[in-house]
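Peer 1: Just passing along the structure, written as structure tokens.
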Amino acid sequence: MKALEHCIYCSQPLYRLNDGMVKCSSCKKKYSPKKYLNDLQIIHAFCDDLSALRVSRMLRINYLTVKKRFDRFRWLIAAYQEECYLSRKCEVSEYEEYFYLEANKRHDPKSIFDAHNFLTFDYGGLIYTLLMPSLQRHKEQFLADGLEESYYKEFNKYIRLNRIAKLQHRENRITRFWEFFEHFILRYKGVSDEFFPYYLKEAEFKFNHPQQRQREILEKLWLGLKS
């Protein structure tokens, strides 16, 4: 990364301060160029699908610092994806319901309650996902009654007969996203229910945009957060 010569906020010349910080000659903002350049490297690594542990070792930065950056990026991405969809939701052409369950749980009837159910929309050639209510709220009662086996059969039957869908072609952007998501989520080796929505939005964002565009968007979002 090159040394900063112009302000990251208004592109005007910078002047250096004695403490290693820089200050803009126009907007008067003050910041650390080293910290900003580190942030850019972390953004690029995130868009390159590198793990937080690998990035921390590569850049010699504390792992928790990188992990917090990654979590913040996902939060920004989720808000960005929501804003994009709301501005163009009238362009929805296809949608379908999807149930995701980790591969090691797919043959255990009791694990059906752990499935993540989300609607997937194609709007103007982009993908948007809407996470549906969790099935966990039903789990305790069905397990207590010993009904998980019958529930599993009825639930599969329900999915076949009542799937929410409006598709124009068998091969479509939505099914391609599902394949992308299944591959994407594997490298995390299990994601908690609390954070699953953010990883889903990360997959959505990375499916929608080529890598260079991901960097440009995330740099702009991060800069806006820091301003």
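Peer 1: Among the residues that make up the range 64-74, is at least one of them hydroxyl-bearing (Ser, Thr, Tyr), closer than 20 Å to residue 197 by Cα, modelled with pLDDT of 80 or more and within 23 Å of the chain's Cα centre (by Cα)?
Peer 2: In the first step, residues of the range 64-74 are kept if they are hydroxyl-bearing (Ser, Thr, Tyr); the result is 65.
Retained after the next criterion (residues that are closer than 20 Å to residue 197 by Cα): none.
Scanning the range 64-74, I find no residue that is hydroxyl-bearing (Ser, Thr, Tyr), closer than 20 Å to residue 197 by Cα, modelled with pLDDT of 80 or more and within 23 Å of the chain's Cα centre (by Cα), so the answer is no.
Peer 1: Pick from 57, 74, 88: which is basic (Lys, Arg) and in contact with a Gly (Cβ under 7 Å, 6 or more places away or on another chain)?
Peer 2: None of the other options fit; the residue is 88.
Peer 1: Could you figure out which of (1) over 23 Å from residue 92 (Cα atoms); (2) of a type in the set (Gly, Ala, Ser); (3) assigned to a helix (DSSP H, G or I) isn't true of residue 190?
Peer 2: (3)
Peer 1: Pairs, please: C-beta under 7 Å, at least 6 apart or cross-chain, first residue at positive phi and in the range 4-24, second surrounded by 10 or more Cβ atoms within 10 Å (Cβ to Cβ) and at pLDDT below 75?
Peer 2: Hits for this filter: 20/32.
One line per residue, one yes/no per condition, for (1) within 14 Å of residue 204 (Cβ to Cβ); (2) loosely packed, with under 15 Cβ neighbours inside 10 Å; (3) at pLDDT 90 or above; (4) over 19 Å from the mean Cα position of the chain (by Cα):
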position	(1), (2), (3), (4)
51	no, no, yes, no
59	no, yes, yes, yes
76	yes, no, yes, no
83	yes, yes, yes, no
91	no, yes, yes, yes
105	no, yes, no, yes
108	no, yes, no, yes
115	no, no, no, no
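Peer 1: Take the conditions free of Cβ contacts under 8 Å to residues at least 40 places away in the same chain, surrounded by 15 or more Cβ atoms within 10 Å (Cβ to Cβ) and either closer than 19 Å to residue 210 by Cα or touching a Cys at 6+ places or on another chain (Cβ under 7 Å) (or both) and apply them to residue 40. Does it pass?
Peer 2: So residue 40 fails the test.
Peer 1: Take residue 222 and tell me if it is over 13 Å from residue 73 (Cβ atoms) and in a helix (DSSP H, G or I).
Peer 2: Spelling it out, it is not the case that residue 222 is over 13 Å from residue 73 (Cβ atoms) and in a helix (DSSP H, G or I).
The values are calculated or read from the model by the stated rules, or taken from the named source; none is laboratory data. Just so it is clear, the structure is predicted and the values come from calculations on it, not from any experiment. Using ideal geometry, Cβ is built from the backbone for each residue, glycine included, and neighbour counts are taken over all protein chains shown.
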